[in-house]
Structures are given as structure tokens and as C-alpha cells.
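Notes for the one structure printed next.
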Amino acid sequence: MADNAKQINGERRLKVVALLVGDPQATELWTLKNLAATGCELYVVRALKASGLSTAERLKRLARQHGVVGLVSRLMGSKLIATRQARKELRQLDLLFGGEELRGWWIASGIKPIDATHLNHADARSAIAKLQPDVIVRVTGGVLGRGTFSLARIATLNIHHGVAPRIRGMCSIQWGIIEGRSDWIGSTVHEIDDGIDTGRVLWRGRPQLAPGDTGTTLFFRAHLEAVEQLVRVIREYAAGKTPESWPCEDRERSDYRSAVGLWGWLRYLYLGAGMRAPVIFERAWRVEDENTELNWGRLDGDRVEIRSS
């Protein structure tokens, strides 16, 4: 790492390749804009589809993993609720992040995405290899294979919207609301390895939960903090430093959740997308009872924002 640092500091800026699928939405544009602000050489590789699996192959894999009942539940949940909920959350996040201004920045930035079939396809790997990245950042997309994430000279990084490795997989904030697990609600910056959200943790944090919060507002606040920490990590790499591992006392305790099924979505809606979730009220009351001034504290090894009433 010391030799790499000299090369970065003495000869050139850090070269960062961001990976995403499809056109970037407000959340992704916020990440890209903050990455560009580090002064790195920023490149974007954009996949045209999420994976190389056909619909039939994907359904067969899901049936093997979750059984026929689980597969049917996922399909019904997606058809009846998830698609509509995703559109609603995209609109809300566009307002929260300031999507119009971000789209103006994206056009003015002059960044021209390099298109590829999918992120684990040979054309994507070839494009990434030609760029010779110091750091790769997975902005969106599925699980990266070793042939992709190993192309980074220093590390490939990811923001997981959940407290890893305590909760891994998809929709971790929604699952935290559905299952009443406040300790799952947050975000993590970690290196990517062969597992799913199992790489070395460089930072993780949990936002204060407040009455009226929804999965969308919690995602928004968790993402803001995670991007800030992602930028810090990249600047440390650029300075020739190796970021310290974040202390995770719960490393041996790990749950995995995939896409939410029909029952989960129905419960999520019943809880008002979080507004009526007991887990949010209980956590908010505990914090209010402490009657502290605004500060950052530690709770179970995580960084937690504590606000006074």
C-alpha cells in the first residue's frame, strides 16, 4: 500500500470507476457528484441490464433458493405492490436529493458513461481493465463476480443500505421496519469480496429514528451519511493511507434477506411504510428520554445521531 500511495500522491490523481445499471437516478447522481468532488479521475461504466440471466433462468434459480411458495410470494409482491412502491419512493427521493439540480450537474459534468451488457459481462470487465482503476465503486447493480471486483488496484467499495454484517442482502431498511429490528436500519461502507455484504467494514452508522419516519426518509438520511464516509475513505486511499476496519462486535451474528415477498409488503404498508411501526416509536422514545443535546454517540459499536426534544 505504501508504494501505491507514493504513485498516487506523486504522479497522478486517484482513478475511480463507478459502476451502475441504467440511467442514474437522484440517489446515484448524489453519489457520483460527491465522488467527482474528491478531485479523482471519475469514470462511469453503465450496464444496460442487471444480469446475464434470462427470465427463465432467474425464475429457476429463485425457485431453488426460496421454494415455489416463496417464489410466488415474491412475484405477487412485486406485481401488486413493489413496482408501485418503488416508483413512489423514486419520486420522493428525487425531491429530497434535489434531482433537477443533480441532472443539471450530470449534463454539465461531461462524464460519458461506457456502456456494457451487464457488470459481470466480458465487455464490462474489458472496459474496466482498460481504465486501470485504483478504486471501483459499485453504485448500483447486482452481485459483482471476482472477475469484476478484483480489477481495482486498491479496493472495490460498496454502500449497503443496512447495518452489515448484521443484516445482508436486499431491502434491509424495509426489512428492519417489517421485522421490528432497529439495529438493521442504517448503512455500511465496505469492501466487496466473494460474499454478499461480507467484505471488510470501513464504516457503518444508524440514523436516529423519529416519529413520522418512513423507509424512504430513513434511506435518504442513511445514504447521505454513507456517501460522506465513502468520500472520506477514498480521500484516505488517495493520501496513501489504509482506512481502519470499523469495529463490528456482532460479526458472528448475521442475517440475510432477499427481496420482500407479498406478506412482507402487506405488513410494510400496514405499518405506513414505517410511520406506524412500533420499532420507530420505541427507539425515538428511548432517545427522547435521554434528554441530550445534539451529539454523535455510540450504540452497540455504531455511530448514532441523538437529538434532544
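Where a number appears in this text, it was derived from the coordinates with a stated rule and is not lab data. All values derive from a computational prediction rather than experimental measurement. Counting neighbours? That spans all protein chains shown, and the Cβs are built from the backbone with ideal geometry, glycine included.
Observations, loosely collected:
- HN-Hα J in Hz across region 212-226 - Karplus 6.51, -1.76, 1.60, θ = phi - 60°, x for Gly and Pro: x, 5, 10, x, 5, 5, 5, 4, 4, 5, 5, 5, 4, 5, 5
- Between amide H atoms placed 1.01 Å from N, distances below 5 Å from ILE114 occur with VAL44, VAL45, ARG46, all of them 5 or more places distant or on a separate chain.
- Per residue of the chain, the DSSP helices (runs of n ≥ 4 H) give a summed -39500 (n - 2.57) that works out to -14000 deg cm²/dmol at 222 nm.
- The convex hull of the Cα atoms of region 2-306, projected and averaged over all directions, covers 16.4 nm².
- A dipole drawn for the chain from +1 and -1 charges on Cβ atoms has a positive end, and of THR55, THR156, SER254 the residue lying farthest that way is THR55.
- Sequence-distant residues sharing a close amide H with TYR256 (under 5 Å, placed H): ARG168
- 3J(HN,Hα) along region 82-96, derived from phi through the Karplus expression 6.51 cos²θ - 1.76 cosθ + 1.60 where θ = phi - 60°, amounts to 4, 4, 5, 5, 5, 4, 4, 5, 4, 5, 5, 5, 4, 5, 5 Hz, with x in place of Gly and Pro.
- Radius, Kirkwood style, for region 37-144 when every pair of distinct Cα atoms is counted (Å): 17.0 Å
- The residue among GLY147, TYR270, SER245 whose Cα reaches farthest toward the positive pole of the charge dipole of the chain, with charges on the beta-carbon of Lys, Arg, Asp and Glu, is GLY147.
- Each residue of region 37-44 is assigned a 3J(HN,Hα), and the resulting list reads 5, 6, x, 6, 7, 9, 10, 10 Hz, derived from the Karplus form 6.51 cos²θ - 1.76 cosθ + 1.60 (θ = phi - 60°), x at Gly and Pro.
- Base-10 log of normalised Debye intensity for region 35-94 (one unit scatterer per alpha-carbon) at q = 0.27, 0.29 Å⁻¹: -1.07, -1.09
- Residue of LEU266, LEU32, LEU95 that the Gaussian network model of the chain assigns the largest fluctuation, springs spanning Cα pairs under 10 Å: LEU95
- Among beta bridges identified by DSSP and lying wholly in the chain, the antiparallel ones come to about 35 percent.
- Taking amide H as placed 1.01 Å from N in the peptide plane, the amide H of VAL137 sits under 5 Å from that of VAL17, ALA18, LEU19, LEU157, each at least 5 places away or on another chain.
- Taken about its Cα centre, the chain carries a charge dipole of roughly 1040 debye when the Cβ of each Lys and Arg holds +1 and the Cβ of each Asp and Glu holds -1.
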